[in-house]
Amino acid sequence: MEKLSLDALVRTHLEQAAAASSGRSATTVHGGHEHTLRQTLLALTAGTELAEHDSPGEATLLVLRGRVRLTSGDVGWEGRTGDLLAIPAARHGLEALEDAAVLLTVAKKG
C-alpha cells in the first residue's frame, strides 16, 4: 500500500506553479498512461487557464484548495475547496479563479 500527503503535494506544487512562467505545475499521484485509472494533481495560479480540450475518458475534478471554473461551451460550473465536479464528455476548459489545486481522476476509455 502506498500513502502520500495531498496537503504536502498541494503546497509544493502551488509554490512550483507560482515560480513557473506557465502558472501551473502537475504530477501524477496514481496510475499513469499504462493504467485505466489515473489521478493527477494540478496546481494553477489565479488567472491561469487550461485551454478547451477533449476528455480522454470518464473524469472528475476534486478541488483541494482555492476556486476554479470548469467550462464546456457556454455552460460553466464553479468549484471551491471540497467540491467534486463531474467533467463533461464534451470539450471543456478550466480556469483558476484564485490560486488553486485540484485532483483530476480519469478512467480512460477502453
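Throughout, read-outs are computed from the coordinates displayed, never taken from laboratory work. It should be emphasised that the depicted structure is a prediction, and the values quoted were computed from it without experimental measurement. Here Cβ is always computed from backbone atoms with ideal geometry, including for glycine, and neighbour counts include all displayed protein chains.
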Q | Residues located in segment 65-93, provided they are among the small types (Gly, Ala, Ser) and over 12 Å from the mean Cα position of the chain (by Cα) | A | SER72, GLY73, GLY76, GLY82, ALA89, ALA90
Q: Could you name every one of the strands (runs of 3 or more DSSP E) located completely within segment 1-62 that has at least 1 residues being hydroxyl-bearing (Ser, Thr, Tyr) and within 13 Å of ALA101 (Cα to Cα)?
A: 24-31, 37-44
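Within segment 31-47, take every residue that is in contact with a Leu (Cβ under 9 Å, 6 or more places away or on another chain) and among the β-branched types (Val, Ile, Thr) and give me the one that is surrounded by the most Cβ atoms within 10 Å (Cβ to Cβ).
Applying the filter and picking the extreme gives THR45.
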(Q) For segment 63-77, which positions are part of a loop (DSSP other than H, G, I, E, B) and surrounded by fewer than 18 Cβ atoms within 10 Å (Cβ to Cβ)? (A) GLY73, ASP74
